[in-house]
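Engineer: First the structure, which I've put down as structure tokens, then a few questions once you've had a look.
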């Protein structure tokens, strides 16, 4: 995975915020913005955009697989996290300034032999059995203070499976992520 410079990270964060702002001010959602110049932005990448407000989750949606160029995936997933996450109402104009945007740029998921191969704090997980799938980003267990068993149990629940299903046989895929954000919610007032 090509490393993103600090300037490229800031440009992607600005792109995400601008995509949300444009949707809030436009009557309807239009085409994504023109692609930025950086070659890294043209590479197809899996990406998640997470929104926080006041330290609380406000939306999180992404592509686990490299389906679109990075710049386009970031813009689309920022809009999706703001307006399409079914767990939350759509972001309102009055919330935009208080949003903290975080972007996770993913490696391609790979199947692992079993639960012991999951590295908490390094690996994101995709737990699946049949058509049921649950994904958790690598930063989640650190934010929640989970150990490996808790992490796998939550991945199972996210897939709609019993929490201990990972003990009976599920497919586990892992991926890593470069995670960066504005982190307003971690700073003081």
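Taken together, the values in this text are just the output of simple stated rules run on the coordinates, not laboratory data. Since the structure is predicted, the reported quantities are computational estimates derived from the model, not experimental observations. Glycine also receives a Cβ, built like all others from the backbone with ideal geometry; neighbour counts cover every protein chain displayed.
Engineer: Which value, in nm² and rounded to one decimal, describes the direction-averaged projected area of the C-alpha convex hull of region 6-106?
Structural biologist: That works out to 6.3 nm².
Engineer: Still on this model: Of [x] 1.04; [y] 1.32; [z] 1.24, which is the value of Cα Rg over 2.2 N^0.38 Å derived from the coordinates here?
Structural biologist: From the options [x] 1.04; [y] 1.32; [z] 1.24, the structure gives [x].
Engineer: Anyone know which of 165, 95, 43 comes out most mobile in the 10 Å Cα GNM of the chain?
Structural biologist: Among 165, 95, 43, the largest mean-square fluctuation in the Gaussian network model of the chain belongs to 95.
Engineer: With axes computed from alpha carbons, what is the tilt in degrees of helix 70-83 against the longest principal axis of the chain, rounded to the nearest 10 within 0 to 90?
Structural biologist: 90
Engineer: Relative contact order, percent, of region 6-106 when contacts are C-alpha pairs under 8 Å separated by at least 6 residues?
Structural biologist: Details: 174 pairs, mean separation 34.0, N = 101.
Computed value for region 6-106: 34 percent relative contact order.
Engineer: Once both axes come from the Cα atoms, what is the angle between helix 6-25 and the longest principal axis of the chain, in degrees from 0 to 90, rounded to 10?
Structural biologist: Between the helix axis and the principal axis of the chain, the angle is about 70 degrees.
Engineer: I would also like to ask the following. At a 10 Å Cβ-Cβ cut-off, how would you order 42, 77, fewest neighbours first?
Structural biologist: On the way: 42 14, 77 26.
Least crowded to most crowded, the residues run 42, 77.
Engineer: Sorted by mean Cβ packing within 10 Å, highest first, what order do the peptides 126-136, 111-121 take?
Structural biologist: The most tightly packed comes first, giving 126-136, 111-121.
Engineer: For residue 38, project a label point 7 Å along Cα to C-beta. Then give me every residue of region 54-97 with its amide nitrogen under 14 Å of that point.
Structural biologist: 70-75
Engineer: Along the three principal axes, how long is region 110-175 when you take its alpha carbons, biggest first, rounded to the nearest angstrom?
Structural biologist: Each principal axis gives a Cα extent; for region 110-175 these are 28, 21, 17 Å.
Engineer: Taking 8 Å as the Cα distance limit and 6 or more residues as the minimum spacing, I'd like the relative contact order of the chain as a percentage.
Structural biologist: Reported as a whole number, the value is 21 percent.
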